[in-house]
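Participant: Pasting in a structure now, in structure tokens, and then I'll have a few things to ask.
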Amino acid sequence: MSILLNVENYKVYYRTLSGYIRAVDGVYLSVDKGKIIGVVGESGSGKSTLALSLVLPKPPMVIKGGRVIFDNSIDMLNLNTNERRKLLFTRISIIPQYSLDALPVIKKIRKLITDLARDKNIDVEELLNLFKERLKTVNLPDRVLDMYPIELSGGMRQRVVIAISTLLKPDLLIADEPTSALDVVTQRQVLELLTDLRDQGIIRSLIFITHDIAAVRQIADKIATMYAGKIVEIGDLESTITSPLHPYTSLLIKSVPSLEVSYRTKTLRGLGGIPPSLLNPPEGCRFHPRCPYVKPTCTREEPPLVKVGSSYVACWLYSKR
């Protein structure tokens, strides 16, 4: 399988008056061509920072190290802002978190498309016609072009954002919490739409970022679990869901409601404690203050990411010192 994006020991911090917040701290991740990888974890785990930094990092975000290689040839960390902008929408695109609010309220959708055409030196009419075709793909009528975002429902605005972000057929689409503000019916429509775009070749690969394990199960080929700025487990969808290796992944899955949950037969298991401060994260494994299997080594030494079967996990239950 050919790799589209390879991330190694990637570190992205936020500069504050109190010091650096280690939002992404030594992440390893790869995205295969034609595949969808879900990145899951609690709020504050670093998922959105990872997404934004890969596209267009902005202050107070500071890239502190690592390697990010795109399509085997582009060293993302050596690109300046203008070079990154040239890749935006064409090679890499993003559906931002809170994308329902990402559309300027004072501009009609047509104006957004004409602005994009001018920015990319594309004929305006050509791009407008292409956008009309994309509207059909996302099940929206042409009249959307002459509407303001405020005139659209939440589901329609989300589909407009998806249509714009995929308009120029990016190789990699990063979807940051694209279903979090939608009702369950619209969530399913968005998940099916993203899969269809991949299957039709409109996008080559997708990073799907969410805290919703149930959503990932509907769309992803692989799952990466992120905790306190680190990837703690990566594996195929079914093997991770049915036999998770990391205690954090296991507890995340057990905390998801399902139809068979009943107070008489089965109860949900909560995830005790709170995520650590990334300004001063704990030594050793960052999950150890909440882990039911903690042992002395966990409090002193950080576990490496090791291969177990077809998966990778960072946990002293599987690693040798």
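Participant: Out of the residues in the stretch 271-321 that are of a type in the set (D, E, K, R) and in a loop (DSSP other than H, G, I, E, B), state the one that is surrounded by the most Cβ atoms within 10 Å (Cβ to Cβ).
Facilitator: Per the criteria, the residue is Arg286.
Participant: Do you know which residues across the stretch 233-267 are more than 25 Å from Tyr28 (Cα to Cα) and either touching a helix residue (DSSP H, G or I) at 6+ places or on another chain (Cβ under 7 Å) or modelled with pLDDT of 95 or more (or both)?
Facilitator: The one that is more than 25 Å from Tyr28 (Cα to Cα) and either touching a helix residue (DSSP H, G or I) at 6+ places or on another chain (Cβ under 7 Å) or modelled with pLDDT of 95 or more (or both): Val256.
Participant: Could you list all residues from the stretch 1-42 that are closer than 18 Å to Ser53 by Cβ and among the hydroxyl-bearing types (Ser, Thr, Tyr)?
Facilitator: Tyr10, Tyr13, Tyr14, Thr16, Tyr20, Tyr28, Ser30
Participant: If Ser45 satisfies every condition in (1) in contact with a Gly (Cβ under 8 Å, 6 or more places away or on another chain); (2) among the hydroxyl-bearing types (Ser, Thr, Tyr); (3) without any contact (Cβ under 8 Å) to a residue 40 or more places away in the chain but one, which is the exception?
Facilitator: For Ser45, the exception is condition (3).
Participant: Of all residues in the stretch 272-302 being of a type in the set (A, V, I, L, M) and out of contact with any Cys (no Cβ under 9 Å at 6 or more places or on another chain), which is nearest to Ala23 (Cα to Cα)?
Facilitator: Leu278
Participant: Does Arg198 satisfy the criteria of being at pLDDT 90 or above and among the basic types (Lys, Arg)?
Facilitator: Answer is yes for this residue.
Participant: Can you find a residue in the stretch 92-109 that is modelled with pLDDT of 95 or more, under 27 Å from Thr49 (Cβ atoms) and of a type in the set (Ser, Thr, Tyr)?
Facilitator: Within the stretch 92-109, one or more residues are modelled with pLDDT of 95 or more, under 27 Å from Thr49 (Cβ atoms) and of a type in the set (Ser, Thr, Tyr).
The values are calculated or read from the model by the stated rules, or taken from the named source; none is laboratory data. Predicted, not measured: the structure shown is a model, and the values here were computed from it. Don't worry about glycine lacking a Cβ; one is built from the backbone with ideal geometry, like all the others, and counts go over all protein chains shown.
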